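The structure is given below, and queries will be raised subsequently.
Read-outs throughout are calculated quantities, based only on the coordinates presented, and are distinct from any laboratory measurement. Computed from a predicted model, the values in this text were never measured in an experiment. All Cβ positions, even for glycine, are placed from backbone atoms using ideal geometry, and neighbour counts span all protein chains on display.
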Amino acid sequence: MTLCIGQKITLLKIDDMMAMTHRYELEVRQTLESSQIGYEGRKTRLAVVRQRGKRKEQYLDLSADDILLDGWGLPFKTDTEGGGIFAGNACFNLVGEPEAIRECIESRAVLPVTDSAKAKIIVARGERTRCDDEGQDLLYPDIETHHAVVNRMKDR
């Protein structure tokens with residue numbers, strides 16, 4: 001799937017500072033020729049976008065493990081969107097039904113989702129109320145990874 005002007009997309013990203021999951025609903029304002037940017041060309045610039053509810057336009061610069069999905073109002077949210085507890089564990093911490101989330105990842109991905117990104121998707125069916133991993137499961141437990149948090153969850 002390619003990007004087009006006016007397309008509504010959802011970006012799932014793990015921030016570099018606190019390793020928390022963020023979800024951004026964006027509208028494509030202009031498509032660009034794909035180019036590598038940033039330190040050692042680690043990001044790919046694809047478009048100019050505007051975040052939902054904001055006026056300022058910005059570049060859509062994707063890291064290798066970012067997840068870009070078609071559409072807004074997807075059937076899940078991130079743990080940072082709730083009013084309670086959230087994790088800074090460098091994983092995609094999503095809240096919702098696992099099957100609905102898997103369906104979105106598999107069918108609505110604008111760009112192919114890497115196995116390393118899939119391996120880091122942790123799902124809770126409801127809002128987190130504890131700081132441990134209770135009530136959370138890996139969406140793709142069969143994918144091998146060296147991520148310490150994911151491997152700890154696999155061992156339990």
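If I take R0 = 22 Å and measure r between the Cβ atoms of C4 and A109 in this structure, what FRET efficiency does the formula 1/(1 + (r/R0)^6) give, to the nearest 0.05? Could the numbers behind the result be given before it?
Working: r = 16 Å, r/R0 = 0.71.
Calculated value: 0.90.
Based on Cβ point charges of +1 for Lys and Arg and -1 for Asp and Glu, what charge dipole magnitude is obtained for segment 1-78 about its Cα centre, in debye rounded to the nearest 20? Write down the numbers at each step before the final one.
Working: 13 positive and 11 negative charges, 82 e Å.
Charge dipole of segment 1-78: 400 debye, to the nearest 20.
Which value results for Rg/Rh of segment 84-148 when Rg is the Cα radius of gyration and Rh the Kirkwood radius based on the inverse mean 1/r? Provide the component values of the computation, followed by the final result.
Working: Rg = 11.9 Å, Rh = 12.5 Å.
Reported Rg/Rh, Kirkwood definition of Rh: 0.95.
Can you check what the net charge comes to around E27, using other residues whose Cβ is under 11 Å from the Cβ of E27 (Lys, Arg +1; Asp, Glu -1)? Please report the intermediate quantities before stating the final value.
Numbers: positive: K8, R29, R50, R52, K54; negative: E25, E57.
Combined, the nearby Lys, Arg, Asp and Glu give +3.
Show that you can apply the helix-only estimate: for the chain, add -39,500 (n - 2.57) for every DSSP H stretch of four or more residues, divide by all residues, and state [θ] at 222 nm to the nearest 500.
Estimated from H runs of four or more residues: -4000 deg cm²/dmol.
Oh, and also: If the cut-off is 28 Å between C-alpha atoms, which lysines fall inside it for K43, apart from same-chain ones fewer than 8 positions away?
Those lysines meeting the cut-off are K8, K13, K54, K56, K77, K118, K120.
Tally Lys and Arg at +1 and Asp and Glu at -1 over the other residues with C-beta under 11 Å from the C-beta of I67: what net charge comes out?
Summing Lys and Arg as +1 and Asp and Glu as -1 gives +3.
Once you place label points 7 Å from the Cα toward the Cβ at S116 and N151, how far apart are they in nm?
It is 1.5 nm.
Full-extension gain between E99 and R52, please, as 0.36 nm times their residue separation minus the C-alpha to C-alpha distance.
Details: separation 47, 0.36 × 47 = 16.92 nm, distance 2.61 nm.
Here the segment from E99 to R52 would lengthen by 14.3 nm.
For segment 35-115, what does the convex hull of the Cα positions come to per residue, in cubic angstrom? Write down the numbers at each step before the final one.
Values: hull volume 11.1 nm³, N = 81.
So the per-residue hull volume is 137 Å³.
Given the options L62, P75, V113, identify the residue whose Cα lies farthest towards the positive end of the charge dipole of segment 28-143 (+1 on Cβ of Lys, Arg; -1 on Cβ of Asp, Glu).
L62
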